[in-house]
Every structure is written in structure tokens, then in C-alpha cells.
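Everything on this sheet refers to the single structure shown next.
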């Protein structure tokens, strides 16, 4: 089994009176692509933001590279953050800097790389995502999909050990989702360790090595994509999947029925009855 | 042909007569600076003293009503020249320069200038004055004495007591003043003493040139009052009264009205034919700015040097203010958002409250007289006072800019491993400054013009330079309008530069297409 990068034990987080995370434990191993799904308010984003300490956990420990980073000093925290990439829902590119400067700022300031070295690396990465001709442009001149690809490159330029994605496609127009997911798939294929919060079930199904279902501040279910999506689940997970569609969820099963109908180009009473049954079950 | 115009000319002549009678025919207006007991001083709101008694007697003799105009001393003679006042009676010494501009009555008192010195460093001979810092009241014969007899620049103050206060604070070695204000200053001040007369002089009343009827009435009054002992009696009575007032009157001095003879002078100039006006203007320009003095310098130098001081103080204060502003803004916004720096935040709040809650002039005087008493460079004092003042306003402007930046920017910076301060400096502040540049530019312009109050600490900037030229030439509109024009050009240049900066910053990040293919 691959080495453990992040070991999270009994993590809790409260905002004032509101307890958002109620004790989560998991391990992220090298090369894994962990996808977190779940209803909004379930704690996915907060959990992800705790991993690089953008939120300070109230209790529990996060061990990275053998150190508990929750109790580490500020300098160590900054170093740890520089070794974890993070991609935000709203990109958060720096509007006053060119694309190239957005990407090279941290390598130069934090890693102490020379401008030439940082720029060479940035151009190489931009080529990888097909945006090398935008190097001198400013963020405002880019489309949403292009911005998110630049944001991914900006994180990659720090050569992180793990990449955290916080709903990277939620703010994008539908026709731009694909280009960002393609980049993420490419990263996964190249062996990057990734933790992804997303509502893209197909991505989860196709790319994840493990899926976490977060609900009510806890990890309610955990398993391979097959275990999560291709089985019928009771309770919250089943409900969630039937609402968002995917795998053994409602839309997945309706999809299967429709495929059968289309295959022989005939609708049998049996098939209609099964769809009715599913609808009735969903409306309960 | 002339007949066609005569009804019109007659009408104009009639109108002029009516106006002349209505406006100034019935009232005798006395210009004075009421900080000069026993000649004139404030009893509550009323100006009283020997000069007032003489002028009132003159008015009674003529059957006119009587009014006193209280103004700065160096505005008193310009007020007579410009026609704002019928006569000037303010303990005025007869000098050749003044005689060119006004007519003088017979002298009514003999007096002179003396040296006020701290008892710790006794004054014996006039040689001791050479090269020392000497305090004088601006526009007095004491100032002229330092300039012409000692050939050096005096430290100019608004009044003799102010000059004495500065001497006690160690800011000048000696003060030269007329005997009566000098006596007044030394009274109740055991550390100070007065020398013998440096030179003696005679006080007289000034009237506009060519007003022989008025002059005759004044001379007659003076002769009668001298003969029957009224002058001696008034002098004794008002000396006694001013001595009694001495303890409680200092606050009243602030109520000295500003004499603005500029517009009357300008209108008088316009009445003349265009050519005469132009000639007068050129002559005035020559007199004010280019005429060489005994030492080969011209008065224009006051404006050149003053402009240098204004620019130096304004720009250094802007830079200092920006530095303080950044620091305070970051502390305040970090505290409000993340709860950092509780102690520093409390300190910053106290700073903002005090600086924004007290007038700039008061802060400048406190810095000069109390906080930086031992600092000799007045420019440095002005830079610190203005910089610290402006910092408070810039801090709040910058804080608004910081607050306006999306929190995602800070998160993105931190997620890349940048420290809080680095993210602040490299990511947040550049965007914040861009957003608030117009408000910041406004503050810079206000600061630049506010520096015109440095005259209060006897620093000669552009405004004070113009003021000195006015007090020496008795010309009002040329120096002031020139000073105003220079300020205007300065501010317009600065506004233009700010506009360029704003466009540059706006263009980075939008609109401009960078062609890199």
C-alpha cells in the first residue's frame, strides 16, 4: 500500500455555536484521487479547507509529512500550505497581475526561484493546458474555463504533493466544465494525489479511486466508485444520489431503463411499471 | 459732439458723488491691530487705547461717525492705501518707505525699539545680535531693523508675546520689539529683561496721500491734546488698564481680524485705463518680485524659496503619511477581519481619534512648542506634523480599499504558502490602492494646500513668502494672486500626474490587449 500523505484524526470544527465537522477521520495516500460528495452544508468544503489550514480546526489532528500541522507554528504552516495546491470555486486569480506573474509569484517569493526559472516552468505548464499564448494577458481577459485552468497551473507551479479542489467547476458555464475536468483527469492519470469536492458525479465515477459521502459533518459512507454508484443505497446516500443522478441513484436507474427501451425501440408495460415504481419511491 | 455725451457724464459724476458721500463721507474708519497696549488693545470685544481716543476725537471734530477695524498689523497700511480705512493708528513709526505710500501726521509719542533678552544670557552690546536667531513681530520696524541693520533674516511671529514665548522655548536668542509691547511682555515674566533703546522712533497717524483736510484735523487734535495733557492722561490710564488686563487678555488676541484689501485694490486698478492698469501692474510686479534690495537679492526669492519649502514639506509628508496610513490600515482591517493585533488596534484607534479630532494648526503648534521642542529644523517639524496628520486620513481611505477586496484573494495567497504580510503587501494592497486612488489623490491635494499654515511656526513657505512681500511692499493683490496662481499650477500638475497613474493602473488588468503572438 502506498505511503500515507495526510492522516486526519477525529477532526472537529465549529463556527461559534454551529458545529460543522463532528469528528472526521481518514487517510489520504499517495496517488489517490479522493472525491468528496454530499449535500450542501454537509461539511465537504470546510473539511477540505481544514486540510491546508485555511480554516483552523477546533479539535483533532492533521498529520502531514510526520508533523501535526494543526498545532505547528506559523512558519511551518506556511511551508505546508506551499506544498499543497488549492483550486477554488471562484478561481481567485490576482487581477492586478498578468497570467505569467500570477503563476510565478509564489515560486519566486516562497521557493526563491529566479524569474527565468519560474517563467520557464510556468510556460511549460501553460503549454500543458493549452494557454501559453495568454501568458501576458490579465485574468479579466480570460473566460471562466481558461481562468480555472490558469488557477490549476498556478498551484502546480509550486510542485505540490497534493492538490485540493474546492468545487472547481461549480462557477463555470456548462460548456466550459469539460475543459477543466479534462485537465484534472490528465493530472490524475499522471499520478497526482488529489482531493476533490465536486457535484460532477461522472467525474467521480470515472476518475476517483475512493469516494467519501459527507453528511451532517460526518463521513456517512466511503468506498470505491463502484461501491458508491453501482449499488442501491438506503438512507441519505440513496436519497442524495437519486437527487443528483448517477450510478445506482434515481437518474442512473431511469437511464438504464431508457437505454433498454431505446435498444429494442419498444416500450413494454413492464418497463413503464418499473419507472412508475421508481417515481413513487422517489416522491415518498 | 461733446454735448451728446454730457448728460451721461453728468449722471456719472453725480452718481460718483452720491456714492462717495454715502460710502465713506460720513464715517471715519480707523485701521489698527489691537494687540499693542496701551495704544490699542481689546477690552472684551471693544478696541480701546490711546490711538483710539485720538482718532475718536478727530471724528468728533469733523462731525463724522467713528468705527475701528481690527486687523493684522502688516495689513494696516495697505488698508489705508486701498481705501478700506480713513486712517491708520496702530503705534506706527514714521519711516521713509512708508512715507512713499501714505502721509503721516505730526508724531504724538516718542518711542523706540529695544531688545528683550533672557536674564540668563544678558544683552550688552548690539554686536551680540549678529548671527543669532532674533524674534520679531512680522511687519514691524523691528523686522526692518534686523533686515537692514543686521543684514539677516529674522524669525517672524504674529505678535511680540508669541516671539517671547518662542524665546523662552529656546527657539530664538533675542527678541526685538517696540518699548511698550516689550515692557508688557516682561511684566510678570521674571526670566526676561529689556535693554536700552536700539533706536528711537516716533509714532504718527497714517492717512491716504492727498487728504489734506483730514490731516489738518488730525494735527490740530494732536496739538490740542498734547497741550492740555490729555495724551499723557490717556497713556497713563490705558497703561494701568492694560496692566490689569494683562493676566486675562492673552486669549482675546486670537480674535484679530484678517484684513483683506486685495479686492478693493484690484477694483481701484481696474478703474484706471487699461494702459495705466498694465503699467501699474508691471511696476507692482517689479516692486514685489524683481527689485534688488541692498544685498542684491530680490523679493521674488521669498516665493522661490517658499515654493521649495512647500514642495519639500508636502511631498515628504505625503510619503510619511502613506507609510503610517498603510500600517494603521493593515492593523485596523486585520483586527476587524481576523482578530489580529488587539493592542496595536486600540493604539491606532486612539491615534485616529486624536488626529482627526483636533485642528491641524493646533497639532502643528503642539509639535513645535511641546513635543519637538528641542528639534531645531522647522522643516522637519512641519514634515512630521503634517505626515502624522495625513497618515490618519490616508489610513481610513486605505482601510476602505482593503475591506473592498474579495477575501478569496487573501485565501489564494495563503494557500500558495505566502505569509499574511506578504499576501497583504503583494496581493491585497496593490489592488486596494488602485480602488481608492481618487480619494487618496484628493487627500494629497488637501495636504499640499494645508501646508500653507506653516507660517505659524515661522517657517517661510509659499504663502508666508507672499505675506512677507505684502508686508514689505504694502502691495496686496500682486503677491496674493501670484501665490494663489502658483498653488493652482502646483495642484493642477499633481492632479495631472495622478490621472496618468490612475489610467496606467486601470489599464493593467483590463482593456489593454497584450499582443504576445
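Where a number appears in this text, it was derived from the coordinates with a stated rule and is not lab data. Note that the coordinates shown come from a computational prediction; the quantities given were computed from them, not determined experimentally. Please note: Cβ atoms are built from the backbone with ideal geometry, for glycine as well, and neighbour counts cover all protein chains shown.
Give me the one-decimal nm value for the distance between modelled label points at residue A:206 and residue B:110, 7 Å along each residue's Cα-to-Cβ direction.
The two pseudo-label positions are separated by 11.5 nm.
For the peptides B:327-335, B:204-212, what is the packing order when you average, over each peptide's residues, the other Cβ atoms within 10 Å and list the highest mean first?
Values: B:327-335: 21.4, B:204-212: 18.8.
For the peptides B:327-335, B:204-212, the packing ranking is B:327-335, B:204-212.
At 20 °C and 1.002 mPa s, grab the translational diffusion coefficient of region A:74-222 from Stokes-Einstein with a Kirkwood Rh over Cα pairs, rounded to a whole number in µm² per second. Could the numbers behind the result be given before it?
Working: Rh = 16.0 Å.
Answer from the Stokes-Einstein relation: 134 µm²/s.
Pairing the Cα long axis of helix A:144-156 with the longest principal axis of chain A, what angle in degrees results, from 0 to 90 and rounded to the nearest 10?
Taking the Cα atoms of chain A, the angle to A:144-156 is about 60 degrees.
Using helices alone, what [θ] at 222 nm do you get for chain B, with -39,500 (n - 2.57) per DSSP H run of 4 or more residues, divided over all residues and rounded to the nearest 500? Present the calculation step by step, with values, prior to reporting the outcome.
Numbers: 20 runs with 290 residues, N = 517.
Only helices count here, giving -18000 deg cm²/dmol.
Please find the FRET efficiency linking residue B:126 to residue B:211, where r is the Cβ-Cβ separation and R0 is fixed at 30 Å, and quote it to the nearest 0.05. Please list the in-between numbers first.
Details: r = 38 Å, r/R0 = 1.28.
Step by step, r from the Cβ atoms, then E = 0.20.
Using 0.36 nm per residue of separation minus the Cα-Cα distance, give me the extension gain between residue B:358 and residue B:290 in nm, one decimal.
Working: separation 68, 0.36 × 68 = 24.48 nm, distance 4.03 nm.
Full extension of this stretch gives 20.4 nm more.
In nanometres, what is the gap between the two model label sites at residue A:115 and residue B:495, each 7 Å from Cα along Cα-to-Cβ?
Calculated label separation equals 3.6 nm.
Tell me, what is the percent relative contact order of region B:300-507, built from C-alpha pairs under 8 Å that lie six or more residues apart?
Values: 230 pairs, mean separation 63.2, N = 208.
Relative contact order for region B:300-507 comes out at 30 percent.
Within 10 Å of each Cβ in peptide A:109-116, how many partner chain Cβ atoms are there on average? Round it to a whole number, please.
Mean shielding count: 2.
Helix B:50-62 against the longest principal axis of chain B: what's the angle in degrees, Cα atoms only, rounded to the nearest 10?
It works out to around 60 degrees.
Under the classification rounded if a/c is under 1.5, otherwise prolate if a/b is larger than b/c and oblate if not, where does region B:110-202 fall, given a ≥ b ≥ c as square roots of the Cα gyration tensor eigenvalues? Let's see the in-between values first.
Values: a/c = 1.26, a/b = 1.13, b/c = 1.12.
Rounded, because the longest to shortest axis ratio a/c is under 1.5.
In nanometres, what is the gap between the two model label sites at residue B:371 and residue B:243, each 7 Å from Cα along Cα-to-Cβ?
4.2 nm
Going by C-beta contacts inside 10 Å, put A:173, A:68, B:103, B:461 in order with the fewest on the left. Working shown, then result.
Details: A:173 10, A:68 14, B:103 20, B:461 28.
The fewest-first ordering by Cβ neighbours comes to A:173, A:68, B:103, B:461.
Can you classify chain A as rounded, prolate or oblate using the Cα gyration tensor, where a ≥ b ≥ c are the square roots of its eigenvalues, rounded means a/c under 1.5, and otherwise it's prolate if a/b beats b/c and oblate if not? List each step's numbers first, then the result.
Working: a/c = 2.38, a/b = 1.46, b/c = 1.63.
The shape class here is oblate.
Can you give me the angle between helix B:274-285 and the longest principal axis of chain B, using Cα atoms only, in degrees from 0 to 90, rounded to the nearest 10?
The helix B:274-285 is inclined about 70 degrees to chain B.
Say R0 is 35 Å: what FRET efficiency, to the nearest 0.05, do residue A:199 and residue B:340 get from their beta-carbon distance? Please list the in-between numbers first.
On the way: r = 35 Å, r/R0 = 1.00.
The value I calculate is 0.50.
For peptide A:148-160, how many partner chain Cβ atoms fall within 10 Å of a residue's Cβ, on average? Display every interim value, and only then the final one.
Working: counts 0, 0, 0, 1, 0, 0, 3, 3, 0, 1, 3, 0, 3.
Average neighbour count from other chains, rounded to a whole number: 1.
Given the convex hull over the Cα atoms of region B:24-135, what projected area results after averaging over all orientations, in nm²? Mind dumping the intermediate values first?
Working: hull surface 37.7 nm².
With the hull built on Cα positions only, its mean projection is 9.4 nm².
Give me the inter-chain shielding for A:87-95: mean count of other chain Cβ atoms within 10 Å, whole number please.
Numbers: counts 2, 4, 1, 4, 2, 10, 3, 11, 10.
If you average over the peptide's residues, the count of other-chain Cβ atoms is 5.
Expressed as a whole percent, how much of the Cα-Cα distance distribution for the protein assembly as shown exceeds 52 Å? Spell out each step's value before the answer.
Values: 141519 of 320400 pairs.
Every Cα pair in the protein assembly as shown considered, those over 52 Å come to 44 percent.
Could you work out the relative contact order of chain A? I mean the mean sequence separation of Cα pairs under 8 Å and 6+ apart, divided by the number of residues, in percent.
With pairs under 8 Å counted, the relative contact order is 21 percent.
Zone of residue A:140 (label point 7 Å along Cα→Cβ, backbone N under 11 Å): which residues in region B:399-417?
No residue passes the distance filter.
Between the alpha-carbon centers of region B:394-447 and region B:104-156, tell me the distance in whole angstrom.
Comparing the Cα centres of region B:394-447 and region B:104-156, I get a distance of 54 Å.
If you take the beta carbon distance between residue B:403 and residue A:262 as r and set R0 to 56 Å, what does 1/(1 + (r/R0)^6) give as a FRET efficiency, to the nearest 0.05? It would help to have the intermediate numbers written out before the result.
Numbers: r = 57 Å, r/R0 = 1.01.
Rounded to the nearest 0.05, the efficiency is 0.50.
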